[in-house]
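For reference, the structure discussed in these notes is given below.
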Amino acid sequence: MKKVAIVGVGLHPFGRFGDKTFQQIGQEAVRMALKDANITWPDIQIAYLSSQYLPSTAAGRVLKPLGETGISLVDVEAACASGGVAVRQAIQAIQSEYCDLALAVGVEKMPRGFMDPMANFEQWQVYMGLSTNPSYWAMTARRHMHDYGTTELQLAKVAYKNHKNSVDNPYSMYQKEFRIEEIMASPIVCDPIHLFEICAPNEGAGAIVLCPWEKAHKYNSKPIAVEACVHTVAMYSSDFRVPIESMSARITNPGPTEAASEKAYKAAGIGPEDLDLVELQDTDSFCELMLYEELGFCKVGESGKLIDDGVTEKNGKLPVNVSGGLISKGEPVGASHLGQIAEIVWQLRGQAGKRQIPDAKVGLAHVLGARGNCAVTILKK
Amino acid sequence: MKPNETTQKQPKRIPIREDLFTTPLDDLGQARMKGSRCKNCGEVFMGKAATCASCSGADMEDLTLSNRGTLWTYTFIHYQPPGDYRGPTDPFVPFAEGLVELPEGIRILAPVKECDFDKVRIGMPLVLVVHELFQDGDGNQVVAFYFRPASA
């Protein structure tokens, strides 16, 4: 399979930007990515735009004002993994030799507060009050605590780490360090998850320019290789952290993250031990712990120990969410994976400023959301 | 919730989701949840399922689900859920939400009510309650479900 490179990245900060339109937010990220690749908009031959909350033909609304060149502008949506699908499609467009220069851009401008439950739940579930989104994450956490003795302190340590990391990230929403005590004393959103341990829906955009590896140096002196980009949807009875009405008590299949990362590791020819940094879906603090296990960083049930041992801290053996993660950046759903990729590209190029992980060579980005939509991208210097 | 036993014309009771409960719904105390079982692999689904989501088999049989189960996991809903929630809102009454494991090999997402939050624990025995949740725009009583502690 043809090797594909990222030759340009652009990011619009994640946060709340008042009357600024999603078109403006998206265009800023795209312009930055084009500039980074030393090209202009007419050079792009196909573009995929990921979002979950933007109106129909969002790709056209964001990109046509840059120049109506007549290329295919495609909208994609796969809940929190939307960005992964945009990237995967752009890669396939290059691998199929449809084009040489493809753009993947994620843009989001979400309503404030809880997400509209009708986006993810059935009407009868909303009537019965079964549509509080964080409740699924909370119930997974509760069961893990019961089975493996994971503690509320260990959950709080994840939020502490990510908020602390975000202080050095100008693209993050909060950029504020909180004490463990403050995190544990913040209001309970859904027992046992606290307010400072959960990500906020917000606004933002990320964009990347891709091309065949053999042509990459023409556009950027530090191209980054996409070693794998996998999208999967949860198998039967593998994950109840998605809106469900019931699950099997007889069968447990591998979770979507386990399934997607296994494929991604295989495609990249590496294992979790080869990673230098990871950006993953910390929708809430427990989610990050669960993902340590599903991505193969530790055995099932041992994620609490991993955070206790500081392995995933910025100066640990495997730094996770050095950008601050979604807990501190917020989650503009369609843009979040592009944001993760931008962070990893900067890290691998040695351009991450105060957040820089010394000599980072391989990074993994992971997103997971409704219906068990999951994407894993592995990047290499 | 007690059935109204007067001779007046009663509002029609309709299930919150089609094929969710045994019929008739005259005596809600006798109502049970319905399920479907795959004749190929044995997986059980809530309500009417035409196809098995596990093995893709299309040979399904109806069954009545047990009204007793145990709590597999839970959380507490302290704030009014977003959207068109039809439980009590003035004031909102916090409730537990959980996955309830039934002997048929299925875990059902359900509200858990009539319980002391301090005493909720994984593994606790629960019993099904089928009740009138709200009256719809056509005057029908919409019938829903929750679980409560079996010992209460």
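Every number here is computed from the coordinates shown, using simple stated rules; none is lab data. Everything numeric here is computed off the predicted structure, so don't read it as measured data. Heads up, the Cβs are rebuilt from the backbone with ideal geometry, glycines too, and the neighbour counts pull from every protein chain shown.
Which number comes out as Rg/Rh for the stretch A:176-298 once both Rg and the Kirkwood Rh are worked out on C-alpha atoms? Let's see the in-between values first.
Numbers: Rg = 18.6 Å, Rh = 17.9 Å.
Computed over Cα atoms, the ratio is 1.04.
If you keep only loop residues by DSSP, which trypsin sites (Lys or Arg not before Pro) in the stretch A:1-105 have at most 16 other Cβ atoms within 10 Å of their Cβ? Write down the numbers at each step before the final one.
On the way: sites: A:LYS2, A:LYS3, A:ARG16, A:LYS20, A:ARG31, A:LYS35, A:ARG61, A:ARG88; in loops: A:LYS2, A:LYS3, A:ARG16, A:LYS20.
Listed in order of number, the matching sites are A:LYS2, A:LYS3, A:ARG16, A:LYS20.
Averaging sequence separations of C-alpha pairs under 8 Å and six or more residues apart, then dividing by the length of the stretch B:15-78, give the relative contact order as a whole percent.
So the answer I get is 28 percent.
Angle between the Cα long axis of helix A:336-349 and the longest principal axis of chain A, 0 to 90 degrees, nearest 10?
Tilt of helix A:336-349: around 70 degrees.
Counting other Cβ atoms within 10 Å, which GluC sites (Glu not before Pro) in the stretch A:200-250 have at most 10 and lie in a DSSP loop?
Details: sites: A:GLU203, A:GLU214, A:GLU227, A:GLU245; in loops: A:GLU245.
In loop regions of the stretch A:200-250 (DSSP not H, G, I, E or B), there are no sparsely surrounded GluC sites (Glu not before Pro).
Once you measure Cβ to Cβ distances between cysteines in chain B, which Cys have no partner under 4.7 Å?
So far as the 4.7 Å Cβ criterion goes, B:CYS115 stand without a partner in chain B.
Give, to the nearest whole percent, the P(r) tail of the stretch A:100-199 beyond 21 angstrom, counting all Cα pairs.
52 percent
Plugging the Kirkwood radius over Cα pairs into Stokes-Einstein for the protein assembly as shown, at a temperature of 37 °C and a viscosity of 0.692 mPa s, what D comes out in µm²/s?
Numbers: Rh = 24.3 Å.
Rounded, D is 135 µm²/s.
Compare B:ARG68, B:ARG121, B:ARG107 in a GNM of chain B, Cα atoms joined below 10 Å, and give the one with the largest fluctuation.
Its mean-square fluctuation being the largest, the pick is B:ARG121.
Report, to the nearest 10°, how far helix A:285-294 tilts away from the longest principal axis of the Cα atoms in chain A, using its own Cα long axis and a range of 0 to 90°.
80 degrees
Compute from the Cα atoms of the stretch A:21-85 the Rg and the Dmax, the latter being the longest Cα-Cα distance, and quote both in angstrom.
11.5, 31
Taking the Cβ of each residue in B:CYS38, A:CYS99, A:CYS287 as the centre, tally the other Cβ atoms inside 10 Å and list the residues starting with the fewest.
Values: B:CYS38 21, A:CYS99 17, A:CYS287 27.
In increasing order of surrounding Cβ atoms, one gets A:CYS99, B:CYS38, A:CYS287.
Which percent, to the nearest 5, of DSSP beta bridges fully inside chain A are antiparallel?
Within chain A, antiparallel bridges account for around 70 percent of the total.
Which GluC sites (Glu not before Pro) does the stretch A:72-172 hold that lie in a coil by DSSP with at most 14 other beta carbons within 10 Å?
Values: sites: A:GLU77, A:GLU97, A:GLU108, A:GLU122, A:GLU152; in loops: A:GLU77, A:GLU97, A:GLU122.
In loop regions of the stretch A:72-172 (DSSP not H, G, I, E or B), the sparsely surrounded GluC sites (Glu not before Pro) are A:GLU97.
Mind listing the Cα extents of the stretch B:14-149 along all three principal axes, in Å, largest one first?
Largest first, the stretch B:14-149 extends 47, 39, 28 Å along its Cα principal axes.
For A:GLN351, what charge total do you get from the other residues with a beta carbon under 11 Å from its beta carbon, if Lys and Arg give +1 and Asp and Glu give -1? Present the calculation step by step, with values, prior to reporting the outcome.
Numbers: positive: A:LYS222, A:ARG349, A:ARG355; negative: A:ASP36, A:GLU343.
Neighbourhood net charge equals +1.
Starting with the fewest neighbours, write out B:THR89, A:THR69 ranked by other beta-carbon atoms found within 10 Å of each beta-carbon.
Working: B:THR89 11, A:THR69 14.
In increasing order of surrounding Cβ atoms, one gets B:THR89, A:THR69.
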